[in-house]
1. For Ala33 and Cys98, compute 0.36 nm times the residue count separating them, minus their Cα-Cα distance, and round to one decimal in nm.
2. Rg/Rh for the chain: what does it come to with C-alpha atoms and Rh from Kirkwood?
3. Computed over the Cα atoms of region 50-91, what is the convex hull's projected area averaged over all directions, in nm²?
4. I need the calculated FRET efficiency for the pair Val7 and Gln76, taking r as the beta carbon distance and R₀ as 41 Å, to the nearest 0.05.
5. What helices in the chain pass both tests, a Cα length along the helix axis of 30 Å or more and a mean Kyte hydropathy of -1.0 or higher, using whole DSSP H runs?
6. For region 1-50, what does the relative contact order come out to in percent, with C-alpha contacts under 8 Å and a separation of six or more?
7. For Leu92, Leu42, what's the fewest-to-most ordering of other Cβ within 10 Å of each Cβ?
8. Total Lys pairs in region 59-105 closer than 27 Å by alpha-carbon, pairs eight or more apart in sequence or interchain only?
Amino acid sequence: MTQVLIVAPLLAIVLSLIKLVVSHYGNAGGDAANAEKLKASLRIFYSLVLAQNALFYLWKWLIHTWPDRASVVRKQCGFGNWGKIWVFRYVLETRKMCSRAHKDK
């Protein structure tokens, strides 16, 4: 299941980029006005797909790298080895409070 969550958005990004670069969407029944409307709407659609999947990968990256970012905070603030535990606890507690606040809405 995890592979699907990695491969599917990547495939959507690649296909969206291909469709945006090639930008050949058919003839729309031979009507020039409808062809331009179709072209504009499909550009918007593929741009939204691209943005959504790029944000998905950013979100996944932020989730998987939070321990590394917490270690950077510990080092920059001059905390010793004790600081690593407290920064991790702070991150976990903040995440728990945010998820609890989201459930209460």
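1. Working: separation 65, 0.36 × 65 = 23.40 nm, distance 4.87 nm.
So the extension gain works out to 18.5 nm.
2. On the way: Rg = 21.9 Å, Rh = 17.6 Å.
When Rh is taken as the Kirkwood radius, the ratio is 1.24.
3. Numbers: hull surface 12.9 nm².
Averaged projected area of region 50-91's Cα convex hull equals 3.2 nm².
4. Details: r = 36 Å, r/R0 = 0.87.
Efficiency, rounded to the nearest 0.05: 0.70.
5. Details: long enough: 2-22 (31 Å, 2.40); 32-64 (48 Å, 0.51); 81-104 (36 Å, -0.76).
Sorted by number, the helices that extend far enough and score high enough are 2-22, 32-64, 81-104.
6. Numbers: 25 pairs, mean separation 22.7, N = 50.
Value for region 1-50: 45 percent.
7. Values: Leu92 12, Leu42 15.
Going from least to most buried by this count: Leu92, Leu42.
8. Value for region 59-105: 9.
All of the numbers you see were taken from the coordinates with simple rules; none came from a lab. These numbers come from a predicted model, not from an experiment. Reconstructed Cβ throughout: ideal geometry from the backbone, glycine too, with neighbour counts over all protein chains shown.
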